[in-house]
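What follows is a set of notes on a single structure, which appears directly below.
Just so it is clear, none of the values below were taken in a lab; they were calculated from the coordinates. Keep in mind that this is a model prediction, so the values were computed, not measured. As a convention, Cβ positions derive from the backbone with ideal geometry for all residues, glycine included, and neighbour counts pool all protein chains shown.
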Amino acid sequence: MRQYWIDVCSRAVPVALLALTMFAVTAGVSGAHGGGTPQLSDVEAGPFRLFVWTSPEPWRAGGEAHVTVAVTSLDAAGQTIPVDDADVAIELAPAGAPERAIVLAATPVAGAGAGFYEGDTSLSQDGAWDVSVKVAAAAGTGDAGFVYQVMPGSQINWLLWLGGALAVLAVVGYLGTRTKKAAAGYTQRAVQE
Amino acid sequence: MRWEILIPLLILGSIYAIGWVRLRRQSRRQKVATRWRMVAYYTGLASLALALMSPIDWLGSQLLIMHMVQHKILVMVSAPLIWLGNPFPVAMWGIPRPARNGVTLALAGDSLVRRGLTLISQPAICWLVFTFIYLGWHDAGPYDLALRVEWVHNLEHITFFLGAMLFWWPVVNGAPRLHKSLPYWGRILYVLAFVPPNAIAGFAIANSPDVIYTYYNSVPRLFGMTALEDQMIGGAIMWVWSSEMMIDVVVIMLGVMFYREKKHKARQAVSAHTHPVHHAGHVEVAG
């Protein structure tokens, strides 16, 4: 075992590092995965046309809540163009309690095209939430909103279950290997005798 | 940064690198860990990173064309390249001895793992499983759902990739070899059999008068094309890329067949030249 690690350190690490560098260069890494449930599509907000997606589906109390916004406008020819100089704020408040609003300053999505912004938060309670997107850019300001029904927090810890299942598999595999080794040893002894 | 993809790729790349170096230290004449196989393996992993971590992944949620490109990279580029890298025996030398013994025991004799793998790696099953996964995900319902729900999207990519690994297993004849190798003509028929279902699906998508994947109606059309035009080109990519890839494989297989035949004849000629008496005797007996 010790020899194994000596081998690894002296010879293989440079090759592995080369491989890692290759991945890092090739990946051109983007944090965003894209997609999500469309909440607003091509909605007029002042001089802008807004598109909004939410993920994961559904939002749960205490869980992650991600909002992606595309800010676009129409040029003289009627073509959709992205707006990349916008300040985008996402406001989330429980229905009927605007004083408890959470305000997110959305940031441009890394690795995506111009005009895409995103923000993350966690919502404390289930039920209806008012979500509004406020955009300010050189062309003017605009806002649009929708209502999202947040579900109660999940009662099942999937990560724990997955970890437990993997641990059981590992133990079963280990025991199976030991049984086979013991059987092989018994056969060998029987042959020798 | 998508760590859930980067970390497995780094682990797979590192294990292969360790195994490759260890095998090369034992002998440079062995054919398990050769330079071209290493290049194939890392190009395969890099193509996985490109498909899942580059802007292609993000753009796939905005354009069907890019989503198709992403899927084609996963199933038509990454999977066969990784198999060509001969990953199993090389990786076996890259893991610690106890783990290696564990894997060997799990695959030895009549173990459950071996029986399971032998069952699912039968060429007909590999073909059917991949074709079912490939066509099934292109149905409008699952496809739109994958775009909306992230874990379904991840499941789609995982099943595409694993299905493609199954599909390419008998074609590349990668280790562990649990069945008798398919003859080259068999491999040619195997890949050609995939062309009609793929072409029909691609043609149907490209020629549909309506937008099939309605999710794309809800995204801004920032690239100067409508959802229908996007779908037309996306369907054509599906149709042409996969069919072209299969034809490439057939050409390569034919090339290998002719090369082997030529080599076999040359060996026979040398043998006849070296042992003329034996052959003369053979003729006499035959006569």
Next on the checklist: Restricting to DSSP loop positions (anything but H, G, I, E, B) with no more than 11 other Cβ atoms inside 10 Å of their own Cβ, which trypsin sites (Lys or Arg not before Pro) remain in region B:179-258?
Outcome noted: B:180
Checklist entry - Rounded to the nearest 0.05, what FRET efficiency do residue A:169 and residue A:128 have when you use their Cβ-Cβ distance and R0 = 45 Å? => result 0.60
Checklist entry - Which of the listed residues, A:136, B:163, A:73, is farthest toward the dipole's positive end in the protein assembly as shown, when Lys, Arg count +1 and Asp, Glu count -1 at the beta-carbon? => result B:163
Item to check | Over region A:57-181, relative contact order from alpha-carbon pairs under 8 Å, at least 6 apart, % | outcome: 27
Checklist entry - Can you give the FRET efficiency for residue B:193 and residue A:149, using 1/(1 + (r/R0)^6), R0 = 41 Å, r = Cβ-Cβ distance, to the nearest 0.05? => result 0.30
Item to check | Relative contact order %, chain B, counting alpha carbon pairs below 8 Å whose residues are six or more apart | outcome: 19
Checklist entry - Which of B:17, A:39, B:140 sits farthest toward the positive end of the charge dipole of the protein assembly as shown, with +1 on the Cβ of Lys and Arg and -1 on the Cβ of Asp and Glu? => result B:17
Checklist entry - What distance in nm separates the simple spin-label points at residue A:61 and residue A:87, each placed 7 Å from Cα in the Cβ direction? => result 3.4
Next on the checklist: Let me confirm one metric for peptide B:220-227, namely the mean number of other chain beta-carbon atoms within 10 Å of its residues' beta-carbons.
Outcome noted: 4
Item to check | Cβ-placed point charges (K, R +1; D, E -1), dipole of chain B about Cα centre in debye, nearest 20 | outcome: 1960
Item to check | Linear extension gain, residue B:251 paired with residue B:25, 0.36 nm per residue minus alpha-carbon span | outcome: 77.8 nm
Checklist entry - Given the rule -39500 (n - 2.57) for each run of at least 4 DSSP H residues, summed and divided by the residues of the protein assembly as shown, what is its mean residue ellipticity at 222 nm, to the nearest 500 deg cm²/dmol? => result -18500 deg cm²/dmol
Checklist entry - If you place +1 on the Cβ of every Lys and Arg and -1 on the Cβ of every Asp and Glu, how big does the dipole about the Cα centre of region A:37-150 come out, in debye to the nearest 20? => result 120
Checklist outcome for this item: Ranked from fewest to most other Cβ atoms within 10 Å of their own Cβ, B:178, B:64, B:166 fall in the order B:178, B:166, B:64
Checklist entry - If you find the alpha carbon centre of region B:175-212 and of region B:3-55, how far apart are they in angstrom? => result 27
Checklist entry - To the nearest 0.05, how large is the calculated FRET efficiency for residue A:141 and residue B:39 if R₀ is 60 Å and r is the Cβ-Cβ distance? => result 0.65
Checklist entry - Which one of B:106, A:157, B:5 has its Cα pushed farthest toward the positive end of the charge dipole of the protein assembly as shown, where Lys and Arg give +1 and Asp and Glu give -1 at the Cβ? => result B:106
Checklist outcome for this item: Cβ density ranking, 10 Å radius, fewest first, applied to B:57, B:144 yields B:144, B:57
Item to check | For region B:1-41: Kirkwood Rh in Å [reciprocal of mean 1/r, alpha carbons] | outcome: 11.2
Checklist entry - Hey, in the GNM for chain B with a 10 angstrom Cα cutoff, which one of B:113, B:211, B:69 fluctuates hardest? => result B:113
Item to check | Overall form of region A:37-150 per C-alpha gyration tensor (a/c, 1.5; a/b vs b/c) | outcome: prolate
Checklist entry - So, with +1 on the Cβ of K and R and -1 on the Cβ of D and E, and no other charges, what is the size of the charge dipole of the protein assembly as shown about its Cα centre, to the nearest 20 debye? => result 4160
Checklist outcome for this item: In a Gaussian network model of chain B with springs linking alpha carbons closer than 10 Å, the residue among B:275, B:264, B:71 that fluctuates most is B:275
Checklist entry - Other chains' Cβ within 10 Å of B:43-54 residues: what's the mean? => result 4
Item to check | Partner chain coverage, peptide B:141-154 - average Cβ within 10 angstrom | outcome: 3
Checklist outcome for this item: If B:258, B:88, A:116 are placed from fewest to most neighbouring beta carbons inside 10 Å, the sequence is B:258, B:88, A:116
Next on the checklist: Given a 10 angstrom Cα cut-off, can you work out which residue in B:139, B:110, B:210 is the most mobile in a GNM of chain B?
Outcome noted: B:110
Checklist entry - What per residue convex hull volume, in Å³, comes out for the protein assembly as shown when only alpha-carbon positions are used? => result 218
Item to check | Distance cut-off 29 Å, percentage of C-alpha pairs in chain B lying past it | outcome: 46
